[in-house]
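The values are calculated or read from the model by the stated rules, or taken from the named source; none is laboratory data. Remember, it's a predicted structure, so these values are computed and weren't measured experimentally. No Cβ is skipped: glycine too gets one built from the backbone with ideal geometry, and neighbour counts run over all protein chains shown.
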Amino acid sequence: MQLGKHDIGIGTKPFFCAEIGINHNGEIEMALELVRASAKAGAHAVKFQKRYPKACVPRSQWLEPKSTPWGWMDYIDYRGRMEFSTDEYQRIADLCEELGILWFASVWDVKSAKFLKKFEPPAYKIGSATLTDDAVVSYVAEQGKPVILSTGMSTEEEITHAVRLLLDARLVHQLLLCHSVSVYPTPNKLLNFKMIPTLRTMFPDIPMGYSGHETDWASTALSVALGASYIERHITLDKDAWGSDHKASLLPKDFRQMVTSCNKAWEALGTGKKELLVEEMPAHHKLRKEPVSVG
């Protein structure tokens, strides 16, 4: 698939997306600071989350009390407090253009997908929570844009159903599947990186990615070795900040180390063909015996 000018697929250098998500805590200035930090850390794109809370939050949760930095409030009001306006997203779009990076968002409901359409995003993200929402999946499919689909908390049957919806629309030009585990943060024993080759076997014509929620960056390079060409990790300015995702996020310096580590892993993969290398010739001449004639 292609995101902007970047090709993503088997054999391509990893594409890195910094998931800002809701780590801005509804503050546009913090969001812009995170965009700048992401670009400096080596991200090719940043991703947000877009919701219309009354369209995607179960009504039974609306009046649940929520402790926030702005005091106690109903959960539905808190969710609304975290959303940006058209003007605020325009500021994000303008900054990303200035910095030369892409931006898009996970859409949690059809109204949010319609909202983002005005910005002509390079792709739509369907997060793990929305994989089983046929209305959202079908609407996104009809936009004819690349689609990134995360597969956390999903069965193989649910993943197959969502993929068929996207492909049957015939308007989806490109699709990418992300292995993901919806545990925040995810302990190493639950990362299940072997699911990446499993997904490649299930869908051999679809490029693979990884959307991670572990606390560190070191293990992420393993996803590249197993076939992920798109890497998405949350980014934060403070892992101890208030909010649900900060502890499963990387600081900018750690995101940069992850980018370096994943690129080294990709470089080390090589071609998969065994042949005598020019660089091996000195050792070959020194260490190999001359062939002995027989007969």
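Observations, loosely collected:
- Residue within segment 255-267 that is without any contact (Cβ under 8 Å) to a residue 40 or more places away in the chain and in contact with a strand residue (DSSP E or B) (Cβ under 7 Å, 6 or more places away or on another chain) present: no
- For beta carbons closer than 9 Å, sequence separation of 6+ or different chains, a first residue in segment 147-170 that is at positive phi and a second that is surrounded by 13 or more Cβ atoms within 10 Å (Cβ to Cβ), the qualifying pairs are M153/S128; M153/A129; M153/L131; M153/S180; M153/V181; M153/S182; M153/V183; R170/A141.
- Residue match in segment 236-258 (condition: within 16 Å of A45 (Cβ to Cβ), surrounded by 20 or more Cβ atoms within 10 Å (Cβ to Cβ) and in contact with an Asp or Glu (Cβ under 7 Å, 6 or more places away or on another chain)): no
- Within segment 78-92, the set of residues being assigned to a helix (DSSP H, G or I) and either at pLDDT 95 or above or in contact with a helix residue (DSSP H, G or I) (Cβ under 8 Å, 6 or more places away or on another chain) (or both) comprises R79, G80, T86, D87, E88, Y89, Q90, R91, I92.
- Some residue of segment 195-213 being under 15 Å from A43 (Cβ atoms), part of a helix (DSSP H, G or I), in contact (Cβ under 8 Å) with a residue 12 or more places away in the chain and in contact with a Phe, Trp or Tyr (Cβ under 9 Å, 6 or more places away or on another chain): no
- Condition met for E290 (over 18 Å from the mean Cα position of the chain (by Cα), loosely packed, with under 15 Cβ neighbours inside 10 Å, of a type in the set (D, E) and farther than 21 Å from K13 by Cβ): yes
- Condition met for S106 (out of contact with any Ser or Thr (no Cβ under 7 Å at 6 or more places or on another chain) and either in a helix (DSSP H, G or I) or closer than 28 Å to R164 by Cα (or both)): yes
So that you can scan it fast, the table gives a plain yes or no per residue for (1) among the aliphatic types (A, V, I, L, M); (2) touching a Ser or Thr at 6+ places or on another chain (Cβ under 7 Å):
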{"residue": "N188", "(1), (2)": "no, yes"}
{"residue": "T201", "(1), (2)": "no, no"}
{"residue": "P204", "(1), (2)": "no, no"}
{"residue": "Y210", "(1), (2)": "no, yes"}
{"residue": "T215", "(1), (2)": "no, no"}
{"residue": "A221", "(1), (2)": "yes, yes"}
{"residue": "A228", "(1), (2)": "yes, no"}
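- Against the conditions (1) more than 15 Å from the chain's Cα centre (by Cα); (2) aromatic (F, W, Y); (3) in a helix (DSSP H, G or I), W242 satisfies every one except (3).
- Residue within segment 213-221 that is charged (D, E, K, R), under 17 Å from the mean Cα position of the chain (by Cα) and buried (at least 18 other Cβ atoms within 10 Å of the Cβ) present: yes
- Segment 84-98, subset over 20 Å from A41 (Cα atoms) and within 21 Å of the chain's Cα centre (by Cα), residue surrounded by the most Cβ atoms within 10 Å (Cβ to Cβ): Y89
- Restricting L95, L116 to those that are touching a residue at least 40 places away in the same chain (Cβ under 8 Å), part of a helix (DSSP H, G or I), closer than 16 Å to V140 by Cα and not acidic (D, E) reduces the list to L116.
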